[in-house]
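What follows is calculated from the coordinates using simple rules that are stated; it is not laboratory data. The structure presented is a predicted model; accordingly, all values stated were derived computationally and were not measured. Cβ: placed from backbone, ideal geometry, glycine included. Neighbour counts: every protein chain shown.
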Ligand SMILES: Nc1ncnc2c1ncn2[C@@H]1O[C@H](COP(=O)(O)OP(=O)(O)OP(=O)(O)O)[C@@H](O)[C@H]1O
Ligand SMILES: Nc1ncnc2c1ncn2[C@@H]1O[C@H](COP(=O)(O)OP(=O)(O)OP(=O)(O)O)[C@@H](O)[C@H]1O
Ligand SMILES: [Mg+2]
Ligand SMILES: [Mg+2]
């Protein structure tokens, strides 16, 4: 399946019942094993788009193909064996009384034995650093802890395609970093195709292959992080900004006229660039 | 009231009914007009602490004084005329059917006339950039839009003390920045006392006066942002990290041995520091 | 919620017993109490179940709460029977021109029903106090109660907590913005609370369904598997039941 | 569940626990016949009478949920709502006391009598097992009075009134009112036959019926108002739900 197209979207338009047009003219596709990001301001349509890709919203004009088949013709079972979606608000996703039961729900439905299920659940809880909370009641968790359990609930099922709606919002910095590492690992090692909606511009360049910017329901730009993050002005137009690091170097380059080449997006890159510039300055 | 203590906490311990000890040994106080931050990992007790300060959780050992009076002896009316709390999860805060009705609930209860209320509501909606959504059903908003309405609901009431639980989580970068500007303005111009729980380490140094780090229900460090953000290792211990900018400069200073003085925390400071270093290098 | 017994101590002697055994045992005992004609047997059962409740240390407050409604009904019933039915006049007085007559056979009949009620209620109370809800549910499904019914029971039980929790959340949110200030606005706040509670409940149910379908729900909830019966429990229950049966016969 | 706020505690207490202690003569067995009141034979009889209806509800449930996966959770939700409504004490000024509405009218309207009976059965069972509100042996009798009578009365009233173009609020009100009163009529029958001993049936039946009046008359009206309120709330805020549950046709909602 390497590099075959797994999700192919061609959405002319999508309207909510109250006539809000939430998506229009969207043509993108995700190849097997890609890690794609959706960036956009509040209300730009990220969640809507993910729900369409997940087969939850069906009244759109156009087509969404999952492995070549129109998703509206597939049964829930056929879809959800392949795709898992993490909701933006954990309260929409958690329903069982305790952490363990909630995470176990998916694997049990997939037909795993109790022993196997239990192993998967504990593994997933360990991945999100929540192994000590298995018996706690869902209601009694902090927001970030709930978010972690949501993620564990999907990890335990082992999907081939993961759709994540702000998976790291509400996680602490360490949790955010670990989560992104985990996702990258799933993506690189197991070839899981991942689509992630996010606002975290600082996080994006470190991990993503591909990036689309949504604004008012339309895709306004797409490409690798380097291609997408250009001038601060362009980003502000869609209510986003550059990563802090990029912003600083951008200012040094354009306002203070320091001779940086390309604009680095991550701490590591920026450090290298600065060192290089210093060498240059010294040699002058 | 300048510089008088508004909230004075001395909490020996707080336990949830399921025996989770969520807070212990907390002694802090907020002076009038201060902008205080609470930083901590998931489950460290930020939300719990804010709820205690808001009079929602009462079964703690110790005392919480609001303007000198034990908060458990005050009536809800006395507390909530002074203090407003923004909940972490917007679904915990919004209850009226439409945006307008929800934001108007507070002002109406404060006894404002319909005209005055309506003016306040529209003003607050404008502050959070949601003025076009007044008639929309709460249920039909995106997560970030809900979060904005939560904030508007409190802004319309004009409290003297605002407790904010991750007010910017889920907002897009532009919204986040505008929100923080708005809060700073309230704080500086109107003298509103603000306590904010957050994970956004990058945001903190730009705006806050004071910062406390919570870990496992205890305050482990406190002071100005410069005093608190020291070595990356200390931060990792409490599952946090330095702001990206600080991290980069820290690495340049300690690993690449470049002679930075103090570690800058914001883009602006970092830019100045780098320029200074370059001058130095050139002069060598 | 205090009205449920979930939070009771989980480590007492009765909680470990197989819920199926407890359920069948309770049903048999209930049948015996109801079909008994006098009041000695129900009193014996009552005494037994009360000692059971004391043994597992049911908090007095919860215990009284549980019995308050039946007790009230009993009082009314006895008064009704005493004054309004029966033929053997026990006493008769006139108060403000109204003739009040007490009947001894009516009183006896009332007391008999009272004992029956107390006996039956105590059996159920002990069952409820000593068994977690989920265990009872899987015992029901073992008893061949249709799976659909048990599933609805589980959903309903879950939603009760969700709704009560939501009510609390909305109430807090309202309080925070000075809701319930004054009588008129208080009523208004309460109206908003119930209204949003209903709407929120529907949204919640929708969200939960979507999330369940997403994780492979296909119309049937996965059920707990039963452990094998333990001989000691079954035979113990049998012995008590037969002793009770004999008592029922001879008392 | 945690209760953090004393004000809320008071509301919830008054919602669910006081209902047990504040009952009066007539409302004591208003909707729920308590455990042990009915002798064995009557308990058995009513249970046998209730079972076919419950089975019918289960059959419907199976049919509906095979095409709509969200049906079972929805039914569970309604059962929880009925549970909470029928735990709610309402002060009744005429008797100076409390009684409770049953919520079967609204359930009957929304999901039809079959499912509504099932819902009532579920709510009653949870109350019997965990609240000593109603009982296991009187479960059948309670299903017949609250579930069967209430649901049918509510459903049929609503359908009839709607078919002659009576507006939604009035139809809802009447449905709630009649559901409540039908339940109380049936409860009186069950009680009278159950506790009469050697007495004649009719006089006792009338006595009970009369005892009910001070609470049940206003309570019926209250239940009517509540049902109407709920229907109107859904109509105004979530008409899509009413369409989905086939209470309204799509064209009735537009505009
Ligand atoms: N159920 C709904 N009914 C009507 N309009 C809706 C509904 N859900 C979302 N919308 C509207 O559709 C637009 C897109 O919403 P969406 O939730 O996709 O945004 P988002 O990009 O996920 O935003 P956020 O960053 O805040 O999560 C918004 O303007 C929103 O108000
Ligand atoms: N209602 C509750 N009952 C029992 N334990 C709870 C409850 N709410 C929170 N806790 C526990 O108390 C601890 C502190 O929770 P709190 O919500 O204050 O964390 P937080 O710092 O706000 O975390 P987050 O960053 O995830 O929002 C956590 O371990 C949590 O599991
Ligand atoms: Mg979203
Ligand atoms: Mg929190």
Which of C:100, C:73, C:54 moves most in a GNM of chain C, Cα contacts under 10 Å?
C:100
Expressed in µm² per second, the diffusion coefficient of segment B:46-110 from the Stokes-Einstein equation, with Rh the Kirkwood radius over alpha carbon pairs, at 20 °C and 1.002 mPa s, is 161 µm²/s
Can you sort C:142, D:139 by how many other beta carbons sit within 10 Å, fewest first?
C:142, D:139
Quote the FRET efficiency, to the nearest 0.05, computed for residue C:35 versus residue C:145 with a Förster distance R0 of 25 Å and r equal to the Cβ-Cβ distance.
0.65
Pair residue D:41, residue A:231: separation of 7 Å Cα→Cβ label points (nm)
9.6 nm
So for segment C:175-251, using the alpha carbon gyration tensor with a ≥ b ≥ c as root eigenvalues (a/c under 1.5 gives rounded; past that, a/b versus b/c decides prolate or oblate), I'd call it oblate
Sort shortest first the distances from residue A:73 to its counterpart in every other copy, using label points 7 Å along the Cα-to-beta-carbon line, and give them in nm.
7.5
Summing -39500 (n - 2.57) over the DSSP H runs of n ≥ 4 in chain C and dividing by its residue number, what mean residue ellipticity at 222 nm do you reach, to the nearest 500 deg cm²/dmol?
-24500 deg cm²/dmol
Position residue B:115, label points 7 Å along Cα→Cβ, spacing to each other copy in nm (shortest first, one decimal)
7.8
Report, in whole Å, the centroid distance computed from the Cα atoms of segment B:194-250 and segment A:248-268.
26 Å
Give me the distance in nm between label points sitting 7 Å out from Cα along the Cα-to-Cβ direction at residue C:93 and residue A:275, one decimal.
10.4 nm
Taking 8 Å as the Cα distance limit and 6 or more residues as the minimum spacing, I'd like the relative contact order of chain A as a percentage.
22 percent
What angle do you read, to the nearest 10 degrees and between 0 and 90, between the alpha-carbon axis of helix A:244-254 and the longest principal axis of chain A?
20 degrees
Cα gyration tensor category, rounded, prolate or oblate, for segment A:64-174 with a/c compared to 1.5:
oblate
FRET efficiency estimate (nearest 0.05) - Cβ-Cβ, residue A:13 to residue B:18, R0 56 angstrom
0.70
Modelled label-to-label distance, residue D:244 and residue C:61, 7 Å Cα→beta-carbon offset: nm?
3.9 nm
Footprinting exposure proxy for D:138, B:117 (fewest neighbouring C-beta atoms within 10 Å first):
B:117, D:138
Rounded to a whole number, what is D in µm²/s for chain C from Stokes-Einstein with the Kirkwood radius over alpha-carbon pairs (20 °C, 1.002 mPa s)?
96 µm²/s
Which order, highest average first, do A:274-282, D:188-196 follow once you tally other Cβ atoms within 10 Å for each residue and take the mean per peptide?
D:188-196, A:274-282
Can you tell me what the convex hull of the Cα atoms of segment B:5-225 projects to on average, as an area in nm²?
11.7 nm²
From the label point of residue B:131, set 7 Å along Cα to the beta carbon, how far off in nm is each other copy's matching point, shortest first?
5.5
Rounding to the nearest 10 and keeping the result within 0 to 90°, find how far the Cα-based axis of helix B:143-155 lies from the longest principal axis of chain B.
70 degrees
What FRET efficiency comes out for residue D:252 versus residue C:79 if R0 is 51 angstrom and r is the Cβ-Cβ distance? Round to the nearest 0.05.
0.50
Shielding by other protein chains, C:98-110, mean Cβ within 10 Å:
1
Mind checking which of A:134, A:115, A:270 has the largest fluctuation in a GNM of chain A, springs on alpha carbons under 10 Å?
A:115
Projected area, mean over directions - segment B:243-284, Cα convex hull, nm²
2.6 nm²
Fraction of alpha-carbon pairs in segment C:146-220 farther than 16 Å apart, rounded to whole percent, equals 60 percent
Extension gain (nm, one decimal) between residue A:113 and residue A:98, 0.36 nm per residue minus Cα-Cα:
3.5 nm
Given the Cα atoms of segment B:1-89, and with Rh set as the inverse mean 1/r over their pairs in the Kirkwood sense, what is Rg to Rh to two decimals?
0.94
Degrees between helix A:267-283 axis and first principal axis of chain A (Cα, 0 to 90, nearest 10)
10 degrees
Tell me the mean residue ellipticity at 222 nm calculated for chain B from its helices only (DSSP H runs of n ≥ 4, each -39500 (n - 2.57), averaged over every residue, nearest 500).
-12000 deg cm²/dmol
What are the semi-axes of the equivalent ellipsoid for the protein assembly as shown, taken as the square roots of 5 times the Cα gyration tensor eigenvalues, largest first, in whole Å?
59, 31, 29
